């Protein structure tokens, strides 16, 4: 690829939705404003104009000004390039971690923080394949179906947040994670069959991880303990836990032992009623062959 072509590609990527700052996210606004201010101070210190920095990094001058004014979340690769061009010795690149978190909605960041701390996670979603298991295409497909509709920017931010949460599978030590999925969510081709097939392959991939147990609840079951709604329980290494379910405390997070016991009791029964992990793997493989 030519230099001009590479610069155009970067500029096009920079113009993509999903990189605007959420004005209601105070922490995110502060982080991006700080990064922008440091970038501008460094650029001015070396006597470089915004248009020159843009040319050197593949960004347009207007985007440089948006980043410096805290109106645009900079891409990680831009921070690396700017650090090199401005001779910042890693000071600008070092801000990548906080900047990356800003792109995700606040409630997603809060949930991800809890998942990062958890040593055991129990999850049952009766309506969709759980977000920790979704492919990017499946996640976008679900988000695009929401009414009233999300904006394109909101869809990209939320999908990116779901993908970021899946880093828990790379943790060391990894948490013990248990999923129970409804058969109908595996059969319904939301977003199209070309989206469903890689999603089923993703389930098989995650299900092979040593710390993951994935079970399917068949549609032909005559008894089902999960009709009251989804269940989420996170346990931490200090013995504490937090749970959530639409059937308990109106879906608010709960930490009281009595309410957690109810959630764990229901989840245990749901797991017992579902296919075993081995049977579930065979069932998903069968569905994949039919898709």
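Here, each number is a calculation from the coordinates, and none is a lab measurement. Small disclaimer: the values here were computed from a predicted structure and weren't measured. Note: ideal-geometry Cβ built from the backbone for every residue, glycine included; neighbour counts use all protein chains shown.
Numbers for the structure displayed
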| quantity | calculated |
| --- | --- |
| Cβ-derived FRET efficiency at R0 30 Å, residue 153 paired with residue 52, nearest 0.05 | 0.55 |
| Cα long-axis angle, helix 106-117 against the chain (0 to 90 degrees, to the nearest 10) | 60 degrees |
| Antiparallel content of DSSP bridges confined to the chain, in %, to 5 | 55 percent |
| Degrees between helix 76-86 axis and first principal axis of the chain (Cα, 0 to 90, nearest 10) | 20 degrees |
| Per-selection metrics, the chain (Cα): Rg and Dmax in Å | 22.3, 74 |
| Rounded to 10°, Cα long-axis angle of helix 3-14 versus longest principal axis of the chain | 50 degrees |
| Enclosed volume per residue, in Å³, of the convex hull spanned by Cα atoms of region 25-161 | 130 Å³ |
| Centre separation in Å (Cα based) which lies between region 199-225 and region 89-132 | 23 Å |
| Rough spin-label spacing in nm, given labels placed 7 Å along Cα→Cβ, for residue 255 and residue 276 | 3.9 nm |
| Inter-site label distance for residue 37 and residue 65 at 7 Å from Cα along Cβ, in nm | 2.1 nm |
| Equivalent ellipsoid dimensions for region 213-286 as semi-axes, Å, which come from the Cα gyration tensor, largest first | 26, 15, 9 |
